[in-house]
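Bear in mind that the values in this text are calculations on the coordinates, not laboratory data. On a predicted model such as this, the values are computed, not experimentally measured, just so you know. Backbone-built Cβ (ideal geometry, glycine too); neighbour counts: all protein chains shown.
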Amino acid sequence: MMQQDSKRKRSVLPETATLAPGSKRRRRKSVPSRHAAAMLPDELLTEVCLRLPVKSILRFRAACRSWDAMLSSEEFGQLYAARAEEMSSAPKLLFVSPTANFNSTAVYKCSPSKPTDDLLLTLDDVRGNYVEVTPAPCHGLSLLYDGIAPAYYVMNATTRAVTRLPPFRDVAFATAGLGCDARTKKYKVVRLFEGNLLEKEFLKCEIYTLGGDEGDIWRPAAGGVPFRFYSFARSAISNAVMNKLQPLFFNGYLHWLINPLHHVKLPRASILSFSLTDETFRWIRSPPFVASGVHLVELDGNLCMVRDLRDRSTAVCKLEIWKLKDYNSGDWSLDHRIDLTGQLPRDLLEPQIVKVIGSAGSCRSGTKIIIATSKHKVCSYDPVSRTLETITSISETCTSYQNEKSDIRFSLFKECLTPVHKTREEIAFATPLSKATKEILLRLPAESVLKFKPVCKQWLGLIKSERFIRAYFAHKNMDKRPKIMLVGKGSGKSLFNFVPLSKWLQEASNQGTLFLDTKVVCSKPCRGLNLMSFVEEDYLFNPCTGYHRVYWNREWHQHQPWKMPTGCREQEDNPFAVGNKNVGLGFSQVIQDHVVVGIFYDRKDYNSREYSLTCSLWSCGSGYFEQLPQPPLPVNDMPPVSVDGVLYWMSEPRLGQSYERAIVSFDIAAKIFEVIPCPSSIAMWDPRSRCHAFVVELLGKLCAVLSNSVADELDIWKWDHGLWTRAYTINLKFWPDYSLATNVVVPMAVDLTDGRILLNTGRKLGLYNPFDQTIENLLALDQVSLATPKVQQQRTGGHLKCHITRCEDVPRKFSPWKLSMAPCENFATPPSASSGKNLLSSRHQYVKALNSVSPKVMPVVPMLYEESLTYYPFAARARVLFS
């Protein structure tokens, strides 16, 4: 220790210390600088890097420019891919699956050597359950198709790089493939589709070049689609869309299968090919059988056709693999016959789709044929031993939709460093200025955001992008606190006026002009949109932007004039029911679309319990109209609720054969009606009882409500994980304004801050405290003293002075939720007496307008809303979604 300390002390002596007289300075040995250090030879450095994982290589690119140039070169990429394929003994696979709530799509790497799958990346913009992936990558690049958006993505799963291709013309039937141009070394996406049939050349072929000089555009192919290939091209497009058969890239060509069943006469060709170098079409002769129910695959450097000969009704259960021997002659030969009898019969016989997606292996382990199924299982076939072995079996993350799909979600995974070129729009959006602009726009009101569209093309693209619309919705509604608007009569071209409650309480002079002259029922917000229902038609509205669309015109439903059942006045007094219909708005995560489902009654007879109804569905995105089968039970007049892609109605026990209450559910994605039993206290129905029941949504859960007018109580039960539990009991005995004997009281929402429940009678809004059973009134449309701002009267020189309080004068004692809804109760001294006269005049106008409104029509309708930019283009999307 003493020696170490002395050394440490000597080491800190300054170099300029004086020397003793006569002593000589010791000459230090020169140390070579870093720049003079010996460098590793390039060949040795390359060999070292070839043995590193991809993550390390991506990091070393940032070490210096020379390393970045070497590791990014095409030569190194080819060497790395060749070594990775040589060292790989077990097949590696990619599996594409939606996440739990269908909010994104996850890409996993599967391998028999690992018990669990590795999550490679998550595509946040790819939502729903309609994603297709190419079974075999092109030099490590895979093409994904999102059928909902619709959009194409090019992905390198090795480097986790993804780019979304520019938008294209949306048509009903289109197919696309990814390939490499051997001359320019550029990667191209070729899209073949049917345009307008009225056009002379309605078959189109468009090309997008990744990193091309033409920019973010789809350009027409050099030669187009020659007329002599029209019949083949139409058959290939239809076959690819209906059977989800992506074109196969092989030997510089993209190959589409031609379905012979689409031709009157059996065609000579079975494959339509497109050269990515010359951009011309050609065709390949058919094999010695009818090429129906087949698919293409590349095996051992050969173009092969797989023939599915599985038949459950017979003993024949096999797959045949035919190899193309020569392009020009079109000669085919039978290369493999895979007998499935007795070998994993359940795994390969039962699935709807079985595809050979490629081969894997090496010279040491032998080449094996990889077979994937639509039940998310993968098997390998050894041609030498003729045995089958299960490689992997995957259960999708979405437990609600583990049903079999009509395609496979697997693709071969090959480690490759091929770069993915971003579009120019993606590069522009990634700049610091664009990110700052986005953050500013997220904090502006919806009306202000729309005003910035004409600023420039980049801002227009940002505001209209689906990613920004989703981010805006999430940012504005992150607190999950309901916001209230009042819906009044519009002026000019506007059908409605949407006014926030606090603003409506201030503008007393305009209140009378907003009163409705007809009955309107508003739905709860559903992903930023509300449904506004009249007797004859319904409107889909975004109250923040003014976007709207009309649905359910009575011309579609030639019903007899509606007649109220004898002795039944309930619907006229019910502010939440309108006409002879029960219409609901829902949103499905699976198809990423709003839908409007309507149940229309032609006849109701409570004496004979007979009824007649029809049920229809409108898709808001595609404009698709569909007649649905009748629900299993008749439903009552109260509107349905939407929870997690399912619409729920309360049944009507006065109609039909059942004398018990139950809940009718409709799964939007599956389009299936089901019945859920009610809690026993709600299910029991007595014709002499004055109790009625309905459904609501509170805190994202389905709730059944029993309204007991005798006890003046609302009994609320929550449906959670298949069980009913009592959630709330609302006692209204001491609140005559909310008496169930004279009102229909609906719980609309729950304040997450203090647990208070927002109650709505149509004419009154109040916050119910379940702890002390008190109600704080927020709005009363039938009492002028509560509906108009309070007036402070002061006598000064014979003049009456009044003033309307501003929202910012509301004291802080109100909860954050109530700040947006509370009546203003602070007063200030006005500058002149004329304001008092104007206020009194407006107050008298309000009373006169309120008295002139029919008691059956609410002057304004309170409505919950969500701030969003959600809209649907007026031109319906032409996509076709096949499950």
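Taking square-rooted eigenvalues a ≥ b ≥ c of the alpha carbon gyration tensor, is the range 173-300 rounded, prolate or oblate, where a/c under 1.5 means rounded and, failing that, a/b exceeding b/c means prolate?
On the way: a/c = 1.99, a/b = 1.32, b/c = 1.50.
Verdict is oblate for the range 173-300.
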For Asn760, the residues 5 or more places away or on another chain with a placed amide H closer than 5 Å to its own amide H are Val746, Met748
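May I ask you to list the GluC sites (Glu not before Pro) in the range 594-661 that are in a DSSP loop and have at most 15 other Cβ atoms within 10 Å of their Cβ?
Working: sites: Glu610, Glu626, Glu660; in loops: Glu660.
When the GluC sites (Glu not before Pro) of the range 594-661 are filtered for loop state and at most 15 Cβ neighbours within 10 Å, Glu660 remain.
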Name the chymotrypsin sites (Phe, Trp or Tyr not before Pro) in the range 591-638 that are in a loop by DSSP and that have at most 16 other C-beta atoms within 10 Å, would you?
Tyr606, Tyr624
Any idea what log10 I(q)/I(0) is at q = 0.11 Å⁻¹ for the range 88-412, Debye with uniform C-alpha scatterers and no solvent?
-0.70
Cα convex hull of the range 431-477 - mean projected area over all directions, nm²:
3.0
Rounded to whole Hz, the Karplus (6.51, -1.76, 1.60) HN-Hα couplings of the range 611-616, x for glycine and proline:
8, 9, 8, 10, 9, 9
Residue by residue through the range 233-248, which ³J(HN,Hα) values in whole Hz follow from phi under the Karplus form 6.51 cos²θ - 1.76 cosθ + 1.60 (θ = phi - 60°), with glycine and proline marked x?
5, 5, 5, 5, 5, 4, 5, 5, 6, 5, 9, 6, 10, 6, x, 9
Taking amide H positions as placed 1.01 Å from N in the peptide plane, with prolines and chain starts having none, which residues 5 or more places from Leu203, or on another chain, fall under 5 Å of its amide H?
Gly195
Candidates per trypsin sites (Lys or Arg not before Pro) in the range 198-246, loop by DSSP, up to 10 other Cβ within 10 Å:
Lys200
If amide H atoms are modeled at 1.01 Å from N in the peptide plane, then the residues at a separation of 5 or more from Asp335, or on another chain, having amide H under 5 Å from its own are Ile321, Trp322, Lys323
What nm value, rounded to one decimal, do you get for the distance between Leu349 and Ala62 when each label is placed 7 Å out toward the C-beta?
5.6
